[in-house]
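Reading through the structure tokens given below for one structure.
Read the figures in this text as sums done on the coordinates, not as results from a lab. Every value quoted in this text rests on a predicted model; they were computed, and no experiment measured them.
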Amino acid sequence: MIGTAPDPIESVTLFARLLRDAGLTTGPERVRDACEALLAIDLERPDEVRYALRAVFVTRREEGAVFDAAFDLFFSRPGGEGKAGSIPGRSRPLALDPKQALAWMNALGLSSPGVAREVEGPPASSAGYSAEELLRQRDFREMSWDELASVRRLLRQSPWRVAERRTRRLRADRRGTVELRRTMRAAARQGGDAHRLARASARTKRRPIVVLCDVSGSMDRYSRHLLVFAHAIGRRERVETFAFSTHLTRITHLLRHGDIDAALDHVAAQVHDIGGGTRIADALHTFQRDHARRVLGHGAVVLIISDGWDRGDPEQLGREMARLRRSCHRLIWLNPLLGSSVYQPETRGMAAALPHCDDFLSAHSVEALDALGRLLAQLPRRVSRSSRGAGAGLGGSGAAAAG
């Protein structure tokens, strides 16, 4: 049955690529698990193959229909009775980009007019836009492997530069204010006569960034791509990165590896609750108890990346957010779901957290992350704390920053 490619392993790998193009999360580890699952079944029985692969690649209920459509398309036989992308009595369209759909049908020998109608995709309305511009606007969860590789390049090339803050250290500056202590010391060395006034100005230093990234099951389609973003910005800025689901794990040292794939493999091996539930309040409590004193100094900017789905107590989340807000220069919540025009932050966790955020922004595309970069580059050095949170409305960037 599993004969789309001469080698069963190659067949599973190609099938995983089709699933990835259709929006499911795949990767080398799941391909390996799928191959091991197939060793335990009869490959001549289509139902057993379907259920074995489904157990590996489907992690949420809504992914089941996408998997079934991809399975029917990939393992349908050219010239057979059934049509690719459907089963008798029930249509199963597979949402693919039209160019991807055509490429897959040609690769699988299914490029007939009747089959082409079964593979549905978004209308081709990209006139006037370059491929890179379209890629910047596209949702991460809709990207293929090749597109994600291009996204990594775009993120590495983004002109990230976090706004600077004034430090207590001074540097010599002819246009600065008069520094009496240095002036008097120079005068003492010259017999008590101050021939020249010493001037100095405050040194500036870029603000550190703290990233708290949700890697729970509900963030499965986004968390890996957003860790790529954390890896990219960490190459040029001072960044502390933490991953959380049911527990909080510091992954800063894991993301220092120059190769992003190796870095993500290290994260997957060390963070044991990836894909689990979400307890944002507990994660924030652990962060503030064990790490905040060390990483929140010097006017840090905190980025919380999460969809806001939380199993914990919303009142506790509100208290932890209020405490965190008082400890940092700016508190920014990035929600990938905000990229959808129909999304509303109505979950208990999101409703409890929003009043304490300075900014509520999307993080579903390269364009959204570029907007975040522009915001970070323009942060004011000092703003009254009484005005914080004034612009933390839906989809907006706060007009006020932390003091």
Counting sequence-distant residues (5 or more places) and residues on other chains, those with an amide H built under 5 Å from that of Val211 are Glu240, Thr241, Phe242, Leu303
For His298, the residues 5 or more places away or on another chain with a placed amide H closer than 5 Å to its own amide H are none
Could you please state, rounded to a whole Å, how far the C-alpha centre of segment 192-257 is from the C-alpha centre of segment 267-318? 15
